[in-house]
1. Which loop GluC sites (Glu not before Pro) in region 118-149, with loop taken from DSSP, have no more than 12 other Cβ atoms within 10 angstrom of their Cβ?
2. If you build the Cα gyration tensor of the chain and take the root of 5 times each eigenvalue, what three semi-axes come out, in whole angstrom, biggest first?
3. So how strong a dipole does the chain carry about its Cα centre when Lys and Arg Cβ are +1 and Asp and Glu Cβ are -1, to the nearest 20 debye?
4. Alpha carbon centre of region 111-126 versus region 1-67: separation in Å?
5. In terms of modelled amide H atoms, which long-range or inter-chain residues lie less than 5 Å from the amide H of Ile66?
6. Per residue, how many Å² of accessible area does region 141-223 show with a 1.4 Å probe?
7. So, counting K/R as plus one and D/E as minus one, what does the shell of residues with Cβ under 13 Å around Thr183 add up to?
8. Could you tell me the relative contact order of region 96-204? Use alpha-carbon pairs under 8 Å, at least six residues apart, and round to a whole percent.
Amino acid sequence: MPSIKPITLHAHSSGPNPWKVVIILQELELPYTLVYETPATIKSAPYTDVNPNGRVPAIRDPNTGITLWESGAIIEYLIENYDTEQKISHGSQSPEKWLEKQFLYFQVSGQGPYFGQYTWFARLHHEQLPSAKERYLNEIKRVIGVLNTILEGKNYLVGEKATYADLSFITWALIGQNAVESTGVDLDKEAPNYVAWMKRLLDRPAVQKALQEKEKASSASAQ
Ligand SMILES: N[C@@H](CCC(=O)N[C@@H](CS)C(=O)NCC(=O)O)C(=O)O
């Protein structure tokens, strides 16, 4: 797609939500420019003119003129506008389209926020609240268990190929996996379908490129 102008993506060097979008941009081989926001820039103008919710990701696409925030909406937008060859989706006329959306909604409402709350109570909250940590850790385990059951006898969530539905889970899954394994759970044993699925997704060149870029950005911001 040589004539496409770079899409601006407002991101954070380490937060998982913008990197979900980077994975999709890489998979679709779309040009993009990352703009890194920080705690100092994210809650006030000019960034809040882009996203009044003061969070990342947000995109500005000069090809269509749209400004959009919320990672799920951004992913749907990219798929509908740029996945014309159905590389990571089944197409807008297929029944699978609804299953892809179902899993994307599950990711944005059932995986990301719960895994995020665990991170908050485990690392950032001003006091130790073991019951809050326990609640969110149990939710991480439950979500992993649900996905493990769905993936029984299957390589991907929808149909025979990896779609944006699968890819949207990766960045929070990496955080959830660390959290669960740090409590001594052996996911290879407890959730083998889930572990094999993640490995399949992590082996994809576009995913590796996105995660390497994330790694570079978070090392640079730590210096
Ligand atoms: N529902 C939003 C969540 C966005 C979100 O929470 N982003 C985090 C980074 S992963 C953020 O901006 N955190 C900074 C803050 O809350 O100040 C989405 O999926 O886009």
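1. On the way: sites: Glu127, Glu134, Glu139; in loops: Glu127.
When the GluC sites (Glu not before Pro) of region 118-149 are filtered for loop state and at most 12 Cβ neighbours within 10 Å, Glu127 remain.
2. 27, 24, 15
3. Around 280 debye, computed over the chain.
4. Taking the Cα centre of each part, region 111-126 and region 1-67 sit 23 Å apart.
5. Residues meeting the amide H criterion: Asp61.
6. Result: 51 Å² per residue.
7. -2
8. Once normalised by length, the contact order is 32 percent.
The values are calculated or read from the model by the stated rules, or taken from the named source; none is laboratory data. Not measured: the values here are computed from a predicted model. Note that each Cβ is placed from the backbone with ideal geometry, even for glycine, and that neighbours are counted across all protein chains shown. Remember, those area values only see protein heavy atoms, side chains included, never the ligands or the DNA or RNA. Shrake-Rupley method; radii C 1.70, N 1.55, O 1.52, S 1.80 Å.
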